[in-house]
1. In the list Leu107, Leu119, Leu97, which residue meets the criterion of being of a type outside the set (Gly, Ala, Ser) and modelled with pLDDT of 85 or more?
2. Filter region 243-278 down to residues that are small (Gly, Ala, Ser) and in a helix (DSSP H, G or I) and give me whichever is nearest to Ile216 (Cα to Cα).
3. Quickly run through region 249-278 and pick out the residues that are under 20 Å from His235 (Cβ atoms), of a type in the set (A, V, I, L, M, F, W, C) and touching a Leu at 6+ places or on another chain (Cβ under 9 Å).
4. Just one of the numbered conditions (1) in a helix (DSSP H, G or I); (2) open to solvent by 10 Å² or more (accessible area, probe 1.4 Å); (3) within 21 Å of Val25 (Cβ to Cβ); (4) in contact with a helix residue (DSSP H, G or I) (Cβ under 6 Å, 6 or more places away or on another chain) is not true of Arg171; which one?
5. Of the residues that make up region 130-144, is at least one of a type in the set (Lys, Arg), in contact with a Lys or Arg (Cβ under 8 Å, 6 or more places away or on another chain) and in a helix (DSSP H, G or I)?
6. So, in region 249-263, of the ones that are open to solvent by less than 70 Å² (accessible area, probe 1.4 Å) and hydrophobic (A, V, I, L, M, F, W, C), which residue ends up nearest to Leu225 (Cα to Cα)?
7. Under 7 Å between Cβ atoms, which residue pairs at least 6 apart in sequence (or on different chains) link something in region 135-157 that is more than 16 Å from Trp192 (Cβ to Cβ) and polar (S, T, N, Q) with a partner that is open to solvent by 10 Å² or more (accessible area, probe 1.4 Å) and at pLDDT below 75?
8. So, Ala40, is that one part of a helix (DSSP H, G or I), at pLDDT below 75 and either charged (D, E, K, R) or surrounded by 15 or more Cβ atoms within 10 Å (Cβ to Cβ) (or both) or not?
Amino acid sequence: MAHSHHHHATVTRKLAIATAANLLVVAAEIAIGIYAGSLALVGDALHNLTDVAALAIALIAVRLERRTPTSEKSFGYQRAGILAAFVNAGLLVAFTLFLFREAWARLQHPQEVHTTAMLIMAAIALFVNAATAVSIHHESREDVNVRGAFVHMIGDAVSSAGIIVAAILIRLTGSTMWDALVTMFIALLILWSSYGVLRESMNLLLEGTPAGIDPIEVTRSLGALDGILGVHHLHIWALGPSSPALSCHIMVGDVPVKTTARLLEEITAMLSREYRIAHATIQFELAECPEDDPYCTPFAKKKS
């Protein structure tokens, strides 16, 4: 419990600092982008603005996840993190349409770009985005909500680097088309970076199996434990971004009820150790699968 509290406090602090820093970057990029006449810089500012929203939603979600369960929400608010990741990714996908339209208009009607201001602002944005991404990298590996914010930061860092390249190319060639081309590149980058988070969060909202967990492998691991004759009705989903859950029926034969206590401990320990499944609901039973039950497809150990 103490470790969990420390983890949430660390994530909360990092997300709060990242949100404030990126909000300052957005304000600066919009002002300098308008002054410099750089669509790519303004586009990156809007990209950063969606990331500020992503970080803010992630921060809110982390706080909501710590709220205690109620009679109406027996699992608490853990699902808020998954919903936040879905909303973040959806906003990014919608945002690309605006960027493509503006970039195409800029190609048709080129405008002067002040590359010095563009270079300086892009370099500052690159530093802030990269530093933010590094600071939350560890937490992103265990939480799809934080991973959504992390992907945003990586995308911002790459787009900022693209703006620097565009400014250099404009100086070398004298053509402002590079500003619009880099804007299109930023839009494609947003689509690429948000697709994975959108797909995973949608899968979890639909009660799908979390990424990285193979139900067939989990079934085999359960069936390999001594005392288990079969496994069926196995379901794996996620209560929150980093809280996989499982329920299943375990066939144990005609054994005393008290003997299942030891088996239950072995099952929960194995699930936590090998698959990071901390919440498991197990139903022990003697009966074989009814013939008319389409969900009962038992896995039994091969007899030696």
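1. The unique qualifying residue is Leu119.
2. Going through the qualifying residues, I end up with Ser272.
3. Within region 249-278, Ile250, Met251, Val252, Leu263, Ile267, Met270, Leu271, Ile277, Ala278 qualify.
4. For Arg171, the failing item is (3).
5. no
6. Looking at the filtered set, the residue picked out is Leu263.
7. Between residues of region 135-157 that are more than 16 Å from Trp192 (Cβ to Cβ) and polar (S, T, N, Q) and residues that are open to solvent by 10 Å² or more (accessible area, probe 1.4 Å) and at pLDDT below 75, the close pairs are Ser140/Arg147; Asn145/Pro241.
8. On the way: part of a helix (DSSP H, G or I): yes; at pLDDT below 75: no; either charged (D, E, K, R) or surrounded by 15 or more Cβ atoms within 10 Å (Cβ to Cβ) (or both): yes.
No, not satisfied.
The values are calculated or read from the model by the stated rules, or taken from the named source; none is laboratory data. In this text the structure is predicted, and so the values were computed from the model without any measurement. As a convention, Cβ positions derive from the backbone with ideal geometry for all residues, glycine included, and neighbour counts pool all protein chains shown. Keep in mind that these areas ignore ligands, DNA and RNA; they rest on the heavy atoms of the full protein, side chains included. Shrake-Rupley method; radii C 1.70, N 1.55, O 1.52, S 1.80 Å.
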